[in-house]
Amino acid sequence: METGPPGGEGAPIEVELKFRVGPDTATALWALGAVGLPHTPPFRDCYFDVPGAALGRADIWLRHRQGQGWQLKLPHGDPRLPHGDPEPAHGDPQPHRNAETTRTPPKPAEPRSHPPPTSPPSRPPSAVTIYREVWGDAGVLQELTRLLGVPSAPWGSVRAALAPLGLRPTASFVTRRRSVRVGRVKVELDEADFGYGLGEAEEEVTAEGGAREVEEARKRVEGVCRALGAEPRQRIPGKLSVFLARHQPRYYKLLREAGRLEEVEKEEKEEEKEEEVPGPTQ
Ligand code: V4E
């Protein structure tokens, strides 16, 4: 059975930090009072993009997750900025310029009746990422057609829209996940079937919570990572980055050039092979 997030097709905001799992991680988790969460069966993620990688270049990630259905991850506008400008999650190397890459018409500038706000207070750089998640066929289709500049969506499902929208598979892999909770922070220890593992500390907040909740979640997530011996400024490549670096080198390079994926070190690229999944750039 496919399950959605609490609130059905709502759009939770995921505040997440990736870290490397070491031999002491489990002991450190129990020392923190981690509580085991119900077992998640292994799940397959299939990612999709259009030729030219317009989605990935705009930092938008479409996937089908086994047991959960269609999901879209989009950058969450930095809540500290005026008018919710879609600026990058703190620590991202480049700003998100979705309008340029997806043919979405730019928003007209809002009139300002006040002097421009001063810069937000500075804080140490962090590799925490903040993404909005859209779940379910209806919500994902609505966002996709908006992002791709398609005037109408006559399709009843994302699956039916793949071919007409030119969406092609970019990656497919299975993850084994163990999850625990440390206070409000969920910690996931992932092992992908292509031989790459990592940890993620995350909190989901609702859009209604606003900037303060996001900021508080960020601090808790960083605190847990520090307690596990991880450095919150270090960017750890995600599973998709490593999969693409190994199996879709052209697509990976395109997204690296756009600043959308973390660099995958040579040793993590081991077993470089020719592309197995038809890449969207071919
Ligand atoms: C968001 C994103 C990508 C899509 C995969 O997202 P990720 O959170 O890595 O997947 P996963 O399996 O952990 O999903 P979850 O179960 O947590 O929803 S691929 C690249 N990004 C952006 C990105 C980035 N630029 N840097 C870092 C450190 N993470 C993600």
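The values are calculated or read from the model by the stated rules, or taken from the named source; none is laboratory data. Just so it is clear, the structure is predicted and the values come from calculations on it, not from any experiment. Cβ placement follows ideal geometry from the backbone for every residue including glycine, while neighbour counts extend to all protein chains displayed.
Restricting attention to the range 238-261, which residues are on the phi < 0 side of the Ramachandran plot and surrounded by fewer than 20 Cβ atoms within 10 Å (Cβ to Cβ)?
Within the range 238-261, Pro249, Arg250, Lys253, Arg256, Glu257, Ala258 qualify.
Taking the range 33-76, which residues are closer than 23 Å to Ile13 by Cβ, in a strand (DSSP E or B) and basic (Lys, Arg)?
Arg63, Arg65, Lys73
Surrounded by fewer than 21 Cβ atoms within 10 Å (Cβ to Cβ), touching a helix residue (DSSP H, G or I) at 6+ places or on another chain (Cβ under 8 Å) and at positive phi: does that describe Gly229?
When the stated conditions are applied, Gly229 passes them.
Give the number of residues within the range 179-211 that are under 18 Å from Leu32 (Cβ atoms), surrounded by fewer than 16 Cβ atoms within 10 Å (Cβ to Cβ) and among the charged types (D, E, K, R).
Here the count works out to 2.
To keep it simple, each residue is scored yes or no on (1) at pLDDT below 95; (2) among the polar types (S, T, N, Q).
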{"site": "Thr104", "(1), (2)": "yes, yes"}
{"site": "Pro125", "(1), (2)": "yes, no"}
{"site": "Arg159", "(1), (2)": "no, no"}
{"site": "Leu167", "(1), (2)": "no, no"}
{"site": "Arg181", "(1), (2)": "no, no"}
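Name the residue, out of Leu32, Leu55, that is modelled with pLDDT of 95 or more and closer than 18 Å to Arg256 by Cα.
Leu55
So is Ser152 modelled with pLDDT under 95 and either under 27 Å from Val15 (Cβ atoms) or not aliphatic (A, V, I, L, M) (or both) or not?
When the stated conditions are applied, Ser152 passes them.
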